[in-house]
Structure formats: structure tokens, C-alpha cells
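See structure below.
The values are calculated or read from the model by the stated rules, or taken from the named source; none is laboratory data. Predicted model only: the values in this text are computed from it and were never measured. All Cβ positions, glycine included, derive from the backbone under ideal geometry; neighbour counts span all protein chains shown.
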Ligand code: IVH
């Protein structure tokens with residue numbers, strides 16, 4: 001077994017925990033995460049002197065702010081599950097025997113919350129937690145304007161009312177929120193539920209989101225009273241002409257997939273309607289006897305794994321992607337899925353040639369669910385223990401990692417050119433790969449981008465077409481990319497820092513480091529201790545060491561970037577021209593959309609004047625010549641248009657952070 005690296009293990013666990021809370025795609029499986037924590041625990045017991053401070057073992061994982069615990073006055077019960085339609089009949093008989101009628105309502109796939117009202121005012125919002133104790137997220141939630149969660153109740157209700165329901169994003173809320181999140185340079189949320197969880201766990205959100213609350217139960221009020229007060233009731237979301245219970249369940253199973261049903265669901269809840277029937281049937285310690293949940297089967301497809309492709313990320317992490325025969329699942333064709341890491345591959349028992357069941361996790365992300373059969377001759381895939389360039393791998397954590405910079409250079413160059421970093425329009429992963437490969441690669445580090453010659457780019461080989469003819473980048477694209485590379489020299493320091501791809505840094509740390517240190521020279525002169533004591537949010541001993549090491553290692557690349565004329569200071573033109581500092585948008589074509597509330601607040605004309613005083617040309621519509629779209633609150637279709645054209649989009653807050 002490979003050596004266990006304690007610091008790397010902590011690193012990996014924190015990344016996984018943050019990705020989990022952040023709602024971005026999972027970094028490791030729950031099982032791998034638990035194993036990793038066990039190994040950390042073991043190591044700490046054996047080596048108490050080396051223990052680093054971290055909060056991985058506390059209930060609330062890394063980097064997540066907790067508002068404390070709330071004990072629910074009346075426990076928030078869970079539901080018994082029935083797994084086949086025959087069980088539904090049994091339940092229906094039980095309710096009928098007690099003299100009740102059954103309602104069938106959507107089981108909403110969000111996060112269960114309790115909203116507590118005292119004397120008509122919303123005073124506390126907490127998660128369901130384990131049913132007895134939840135997490136107080138009042139301040140986070142109250143900052144959001146949540147549809148269906150009134151801040152005040154009408155008169156005539158009890159002094160204390162606890163409304164139970166699901167906090168969630170409708171599909172259109174999700175689209176809106178995710179677009180704003182992506183525009184702000186963050187990774188997309190994987191699905192509406194992750195998006196909701198990620199949203200309510202953040203004290204500050206630098207982009208706009210829409211969240212709704214749907215009530216399914218209350219203590220201290222009747223449903224119809226709630227409806228009058230502006231709540232949306234789960235029982236009112238769906239109706240059908242079917243009268244038979246099973247037929248109703250099946251009907252909703254069809255209808256929930258139709259575009260008209262606005263919320264994500266994973267099943268139905270069957271409930272006795274009458275309060276007296278509910279009371280007489282009662283509850284066990286965890287579930288009511290008057291309600292059950294029925295979950296629909298996730299739709300799956302069957303396919304054959306044709307290849308498993310190993311890749312290397314910009315920081316050296318090895319990825320494994322299964323390529324399988326295209327198969328239609330739930331309305332879209334899927335053909336690839338990540339296999340996560342070597343232990344997941346072993347756990348699945350998957351190899352090239354395996355017949356597998358594939359599905360879409362949370363209706364969205366393709367996954368390999370299980371191996372149906374490994375036909376004769378098919379063996380479980382053995383991940384290579386060397387990187388694509390033959391370097392040994394660090395196998396101490398669930399995700400294996402190459403320490404050889406040659407392995408990650410392709411991903412790193414692609415990242416440097418991406419919208420998050422130097423924003424070189426027209427640049428792509430395929431181009432980055434072509435530039436770094438071959439016996440004499442044109443690009444060996446990101447600085448080489450800036451000395452590329454026109455002929456080299458125009459003649460760049462991009463493989464062969466389906467018909468077998470060779471493809472080249474061509475003169476037109478080469479010209480465009482060269483112009484954009486040239487323009488990238490003026491990118492603000494934070495983007496140059498981001499482009500270096502230093503471990504545990506991305507767009508956010510690029511900005512934080514630039515704001516704190518102001519110049520590349522200051523970063524190169526900084527000691528590990530300078531990083532540690534900088535007060536930069538999120539920089540602890542681990543990042544301080546990685547950042548110091550990262551800048552020192554990158555010294556030769558930074559020297560080359562500087563020699564190529566890339567901006568190494570905060571305000572590129574300020575030193576030469578006194579006015580330039582006040583005109584940070586000089587030469588840019590800027591479009592503003594949505595309403596501004598910060599430094600740019602004002603009427604549309606005022607905002608545009610402001611932008612022009614800063615040196616830009618303000619325009620009303622997005623085209624491919626637009627340099628920047630500033631998206632304020634309730635930004636509409638311009639964001640999507642800008643994204644489709646590859647135009648950079650910033651939220652108002654990010655615009656302020658970058659330019660003001
Ligand atoms: S009724 C005593 N109705 O499902 C009442 N729950 O597995 C119990 N849920 O924690 C809950 N949609 O988060 C109810 N229409 C619905 C629901 C619903 C989603 C969730 C809820 C609960 C979990 C129980």
C-alpha cells in the first residue's frame with residue numbers, strides 16, 4: 001500500500017466536504033469519504049504530536065458556518081416508504097378502515113425546514129436535521145427573498161405556529177440561479193437540491209438566486225389558514241381526474257416529468273386527509289401511521305463500456321471516464337460518466353466490456369449504477385499506477401495524483417486560457433491539448449502562449465476528421481486567438497495569479513491574493529508566514545505552505561510572463577498615465593443588465609454614464625464585440641446570450657471587486 005500522507009488526506013477530505021456543501025459535483029463517494037476520515041482519525045491517534053487543527057470531525061464540515069442547534073417543539077417526523085404498488089393498496093385499506101380518505105401529493109425534492117412564527121412574525125428558520133434537532137439557518141434564509149415564505153402571518157392564529165415544508169428551487173429557479181452562479185465564475189450546481197442546500201448554507205451570496213418554500217404540514221394552524229397567508233401547499237400542487245389511488249400515483253409519475261410540473265420530485269406522499277383520522281392512527285417515534293411515501297424508480301438504461309479514459313486535472317488529480325454506447329435515458333442520450341477513483345472502480349467491479357446499468361443522478365448527471373454482467377474475458381479495470389507520462393502516482397488518498405507537471409500541463413494551459421483566468425476568447429481544451437503534445441510541444445508552460453507565432457498556430461494539428469482528413473487550426477482562428485492572447489496581457493493581476501493554477505487556488509484566491517499583495521513581486525517576496533498572517537479569508541497553514549511553494553516554483557514562468565509583457569501589477573496603466581487609474585474600463589465595450597444596487601446603482605442611463613466615465617463604451621445589447629456584461633439583480637436573457645457568445649459576464653459585486 002502506498003504511504004499515507006496525513007496532510008494530503010486532510011486536504012482531500014476538506015475539498016470533498018466543501019464540494020458537498022457547495023453543491024458542486026461530488027469529489028468522492030460517501031463511502032470513500034468515511035474511509036478517509038477513519039484513516040485520518042487513526043493517524044491522529046497514533047501520532048498525536050502531528051495533529052493539525054481542522055474541523056472535519058465536527059458535525060458541520062469544513063468551512064460551513066453553523067448557526068447552532070434548534071430543538072423542534074414537536075418532532076419533525078419522517079415517512080415510511082412503500083416500494084411497490086401493492087403496498088399502496090394495503091395502506092389505502094388501512095386508511096379506509098379508519099374511516100379516512102387519502103390525498104396523493106408530490107414528494108418534493110428539496111430540504112425540509114421548520115418556519116417558526118411567534119405572534120404572527122417569522123422568528124426562526126431551521127433545518128429538519130434528525131427530526132428532533134435541526135440547524136438554525138435563520139439569518140441565511142432571511143437574507144433571501146423566498147417565494148411562499150411570508151415574513152408575517154394574518155391575524156387570528158395561535159401565538160406560536162410552526163410551518164413545516166420544503167425549501168427548494170423550481171426547475172426555472174434552478175436555471176436562473178445556476179446561470180447567475182456560473183456567470184460569477186463558480187462551478188455549476190449539480191441539481192436543484194444541491195443548489196438549495198448550497199444556497200442556504202452561505203451567509204453571503206455574490207450572485208442572485210430564487211428559492212421557494214412549499215408547506216406540507218403545520219403545528220398550530222390548519223392548511224387553509226396557511227394558504228390565505230401566502231403559503232403554497234404541497235397538497236394543492238397536483239390534481240388529476242383519476243379516482244383510484246394507484247392510478248393517481250401512476251398519473252403523477254407520468255405528469256411529474258412533463259414540463260408543466262415546476263418542482264423536482266422523487267415520489268408521492270399518501271396521506272389521510274382528516275385530522276381526526278390522523279389523530280386516531282397516531283405515530284411511531286419516527287413516522288406517522290397516517291402517511292407513507294412512494295418513490296418512483298429512477299429511469300435507467302443498459303449499455304456496454306467501450307473504454308475507460310484516464311485524464312489529469314490541472315493540479316494533477318487523475319480522473320477516470322467511462323465511455324459507453326450512447327443510450328437514451330429520461331429524454332436525453334448519454335455516453336460518458338465519471339468512475340470517480342480507483343476504489344470506486346473496484347467497488348463497482350467495472351471493466352472495458354462490462355454490461356452496465358446507467359442512470360442520471362438526480363435526473364441530471366450520468367452515472368454508472370452497477371455492473372449487470374462481465375461477459376467472459378472481461379476483467380475489472382486496473383487503474384495504471386503511473387501517469388500518462390509515466391510518472392509514479394501519489395496513491396495516499398482516494399483520488400490519485402500525479403506529481404509530474406508534464407501530466408497536468410494540458411489541463412493547466414486550458415485553465416489559464418479559460419474565462420475564469422486569462423479569458424482568451426476562442427481558446428479551447430482541444431487547442432490546449434494540441435499545443436502541449438507532440439515530441440516538440442509548442443507550449444511547455446503557460447508563458448509560452450505569449451510567444452506563439454502566427455504560422456505555428458495556423459498550422460496547429462487538431463487530429464483528423466471523421467472522414468480521415470487532417471484538421472488544422474487555420475489562419476482565421478489563429479489570427480483571432482493571437483489577438484486575444486495579446487489582449488490578455490492587460491488582464492488584471494488577479495487573473496494572472498489564477499492562471500498560474502497554484503494548488504488550492506482558483507478565481508477567488510486569485511482575487512484575494514491580488515487584493516492583499518497588489519503586485520506579483522510582493523507575492524514572490526512573501527514568506528510562508530506572510531501568507532499565514534495575511535488575514536486573507538481561507539488561508540490557513542495548508543494554503544500558506546502551498547501558496548508559498550506555488551509562487552516560488554512558478555518563478556521561472558512568472559519571469560517569462562513578465563518578459564512577454566503580461567501585467568504583473570494591480571493597475572497596469574496607472575504608472576504611465578495618471579488618468580488611467582480612474583478609467584479602468586478604457587477601450588472596453590460594456591453592457592449592463594438587471595438592476596444595480598451597489599456602486600453602480602441608478603437609472604439605466606446613469607449606470608451607462610457611470611460606465612463611460614470609467615472609460616468604457618456602454619451599449620444596450622450583447623454582441624460578439626461586447627467585452628463585458630455586468631449582470632445585476634433579475635438579469636434576464638442577456639446573460640444566456642453573452643454566455644453563448646463567450647462574452648465575459650460579471651455580477652455587480654464582482655465587477656466592483658475587479659474594477660472599482
Ligand atoms: S409529510 C408528518 N409531505 O419527505 C409529516 N413530506 O420522508 C411528514 N417531503 O422530511 C412529512 N414532500 O422533507 C410530507 N408533500 C410532502 C413532502 C414531504 C417532501 C419530505 C419531507 C420529510 C420527508 C419524509
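Hey, among 82, 70, 51, which residue is at pLDDT 70 or above, within 27 Å of residue 367 (Cβ to Cβ) and over 23 Å from the mean Cα position of the chain (by Cα)? Break it down into steps so the answer makes sense when it comes.
Values: 70 fails: within 27 Å of residue 367 (Cβ to Cβ); 51 fails: within 27 Å of residue 367 (Cβ to Cβ).
Being at pLDDT 70 or above, within 27 Å of residue 367 (Cβ to Cβ) and over 23 Å from the mean Cα position of the chain (by Cα) holds for just one of 82, 70, 51, which is 82.
Looking across segment 117-141 at every residue that is in contact with a helix residue (DSSP H, G or I) (Cβ under 9 Å, 6 or more places away or on another chain) and in a strand (DSSP E or B), the one that is nearest to the ligand (Cβ to nearest atom) is identified as 127. Just to verify a result, which residue in segment 260-272, among those that are more than 13 Å from the ligand (Cβ to nearest atom) and either touching a residue at least 24 places away in the same chain (Cβ under 8 Å) or in a helix (DSSP H, G or I) (or both), is nearest to residue 128 (Cα to Cα)? If we take residues in segment 260-272 being more than 13 Å from the ligand (Cβ to nearest atom) and either touching a residue at least 24 places away in the same chain (Cβ under 8 Å) or in a helix (DSSP H, G or I) (or both), then 262 is nearest to residue 128 (Cα to Cα). Filtering segment 452-478 to residues that are surrounded by 12 or more Cβ atoms within 10 Å (Cβ to Cβ) and in a loop (DSSP other than H, G, I, E, B) leaves 452, 459, 460, 473, 474.
Table: residues versus (1) part of a helix (DSSP H, G or I); (2) closer than 24 Å to residue 405 by Cβ; (3) at pLDDT below 95.
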{"position": "438", "(1), (2), (3)": "no, yes, yes"}
{"position": "442", "(1), (2), (3)": "no, yes, no"}
{"position": "450", "(1), (2), (3)": "yes, yes, no"}
{"position": "501", "(1), (2), (3)": "no, yes, yes"}
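Listed by first and then second residue, the pairs linking a residue in segment 412-435 that is at positive phi to a residue that is assigned to a helix (DSSP H, G or I), with Cβ atoms under 8 Å apart and 6 or more places separating them unless they lie on different chains, are 423/417; 423/488; 423/495; 426/477; 426/480; 426/481; 426/484. Which of the residues spanning segment 77-102 are under 15 Å from residue 291 (Cβ atoms), exposed (fewer than 14 other Cβ atoms within 10 Å of the Cβ) and within 14 Å of the ligand (Cβ to nearest atom)? Answer for segment 77-102, where residues must be under 15 Å from residue 291 (Cβ atoms), exposed (fewer than 14 other Cβ atoms within 10 Å of the Cβ) and within 14 Å of the ligand (Cβ to nearest atom): just 81.
Being at positive phi and within 16 Å of the ligand (Cβ to nearest atom) narrows it down to one of 316, 282, 349, so name that one. Before the answer, list the steps.
Numbers: 316 fails: within 16 Å of the ligand (Cβ to nearest atom); 349 fails: within 16 Å of the ligand (Cβ to nearest atom).
Of 316, 282, 349, the one residue that is at positive phi and within 16 Å of the ligand (Cβ to nearest atom) is 282.
In this structure, is residue 461 out of contact with any strand residue (DSSP E or B) (no Cβ under 7 Å at 6 or more places or on another chain) and over 16 Å from residue 558 (Cα atoms)? Answer is no for this residue. Of everything in segment 200-219 that is over 28 Å from residue 73 (Cβ atoms) and modelled with pLDDT of 90 or more, the residue that is surrounded by the fewest Cβ atoms within 10 Å (Cβ to Cβ) is 210. Exactly one residue out of 481, 399, 424 is in contact with a strand residue (DSSP E or B) (Cβ under 8 Å, 6 or more places away or on another chain) and not in a strand (DSSP E or B), and it is 399.
Okay, residues lined up against (1) assigned to a loop (DSSP other than H, G, I, E, B); (2) at pLDDT 95 or above; (3) in contact with a strand residue (DSSP E or B) (Cβ under 9 Å, 6 or more places away or on another chain):
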residue: 163; (1), (2), (3): no, yes, yes
residue: 181; (1), (2), (3): no, no, no
residue: 198; (1), (2), (3): no, no, no
residue: 258; (1), (2), (3): yes, no, no
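Within segment 283-301, restricting attention to residues that are surrounded by fewer than 19 Cβ atoms within 10 Å (Cβ to Cβ) and under 28 Å from the mean Cα position of the chain (by Cα), which residue is farthest from residue 359 (Cα to Cα)? Explain how you work it out, then say what you get.
First, pick out the residues of segment 283-301 that are surrounded by fewer than 19 Cβ atoms within 10 Å (Cβ to Cβ): 283-289, 293, 295-300.
Now narrow it down to the ones that are under 28 Å from the mean Cα position of the chain (by Cα): 295-300.
On the way: 295: 16, 296: 14, 297: 11, 298: 7, 299: 6, 300: 5 Å.
Ranking the candidates gives 295 first.
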